[in-house]
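Undergrad: Encoded as structure tokens, here's the structure I'll be asking about.
Values in this text are rule-based calculations from the coordinates and carry no lab data. Because the structure is predicted, anything quoted here is derived from the model rather than measured. Because the Cβ atoms are built from the backbone with ideal geometry, glycine has one as well, and the counts that use them run over all protein chains shown.
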Amino acid sequence: PPDAPAGLCPKCLIAAGWESEAPADSENAATTPSPASSVFEPPTVEELAKLFPQLEIHELLGRGGMGAVYKARQPGLDRLVAVKILPAAISQTPGFAERFAREGRALARLSHPNIVSVYDSGERDGLYYFIMEYVDGANLRQLIQAGDLTPPEAMAIVPQVCEALHFAHESGIVHRDIKPENILVDKAGRVKIADFGLAKLASGERELADSPRYLTLTGTHQVMGTPRYMAPEQIEGSHHVDHRADIYSLGVVFYELLTGELPLGRVDPPSHKVHVDVRLDEVVLRTLEKSPEKRYQRASEVKTDVESIERNPLSPTAPTKADPAP
């Protein structure tokens with residue numbers, strides 16, 4: 001419609017949000033499909049190899065709304081890498097090149113054991129790309145679907161996610177799309193958060209981390225994320241979304257890891273559904289508070305409480321039929 005914000009059709013945006021929840025076509029896909037993926041035709045392995053002669057392009061790992069990811073090798077360093085190509089349609093938005101360059105510099109500074117490293121970024125023949133650390137493992141969505149996670153294993157994963165988020169938040173970066181697909185676990189059990197492509201960047205300099213000016217890959221004041229994992233203030237399109245939105249999304253993931261379900265509607269505490277330490281109820285439900293002021297204010301606080309429960313275990317409680325918590 002002529003009066004649509006930024007020329008975007010609200011009906012199409014809603015459809016895009018729901019369709020992005022569909023399972024990925026490939027079992028190795030790191031992202032979920034969206035309508036953009038049906039329009040964006042990623043280059044073939046042969047076509048990409050011509051653009052990156054310094055790399056050996058092995059295979060297409062997956063494709064989604066934010067582009068396509070390939071497995072490649074850097075012969076000079078003898079290491080595997082992941083190459084992410086962004087759709088050309090995204091790069092045509094006004095001011096994209098400047099935002100992309102700023103984001104690339106910010107993400108390159110995010111050096112942390114629990115964050116997928118960005119080695120390089122740039123543009124080749126009209127295609128914008130990231131060259132990133134290759135994680136040999138699976139994402140949490142694949143592990144959840146396989147039924148391979150127990151509550152103790154979930155409790156071992158969450159503190160690592162908290163460490164990564166705390167580091168990013170201290171660097172002025174909000175992920176804005178924490179979900180199982182973006183949390184990778186390698187074969188040694190190490191957790192890595194991937195795809196900060198939808199992150200909201202605060203100014204780019206550490207000393208300006210408290211500045212109210214924010215930038216996103218696709219523009220300012222846009223609702224970014226995956227609907228079922230988004231904080232209420234994100235869904236409402238608030239201009240005041242901050243790092244506490246990531247803490248809410250972490251709570252959704254934690255609840256799903258423990259119960260196998262999403263916390264929709266009136267939320268039953270995890271111990272009412274599965275045999276887990278009843279003290280986890282307070283931790284999970286606090287991350288899921290609708291008001292950001294009532295949530296944990298730092299990811300490190302979630303980590304502290306989870307590790308404290310892990311070090312001093314109680315006997316798990318049997319699921320009850322008590323009235324659900326509001």
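Undergrad: Please compute the length gained on full extension between V45 and D125, using 0.36 nm multiplied by the number of residues separating them and subtracting their Cα-Cα distance.
TA: My answer for the length gained is 27.3 nm.
Undergrad: With contacts defined as alpha carbon pairs under 8 Å and 6 or more residues apart, what's the relative contact order of segment 253-311 in percent?
TA: It comes to 23 percent, rounded to a whole number.
Undergrad: Are there trypsin sites (Lys or Arg not before Pro) in segment 149-193 that DSSP puts in a loop and that have at most 14 other Cβ atoms within 10 Å, and which ones?
TA: K187, R190
Undergrad: I've got another one for you. So for segment 122-190, considering every pair of alpha-carbon atoms, how many percent are separated by more than 18 Å?
TA: Cα-Cα pairs of segment 122-190 separated by over 18 Å account for 50 percent.
Undergrad: Another one. Over 20 Å between Cα atoms, which of K179/K303; K84/K303; K192/K273; K71/K187; K50/K71; K179/K290 qualify?
TA: Beyond 20 Å: K84/K303; K192/K273.
Undergrad: How many angstrom lie between the C-alpha centres of segment 88-117 and segment 136-185?
TA: Cα centres, segment 88-117 to segment 136-185: 21 Å.
Undergrad: Dipole size in debye (nearest 20) for segment 52-109 around its Cα centre, Lys and Arg Cβ +1, Asp and Glu Cβ -1?
TA: 180 debye
Undergrad: List the trypsin sites (Lys or Arg not before Pro) within segment 45-103 that fall in a DSSP loop (any state other than H, G, I, E or B) and whose Cβ has at most 15 other Cβ atoms within 10 Å.
TA: none
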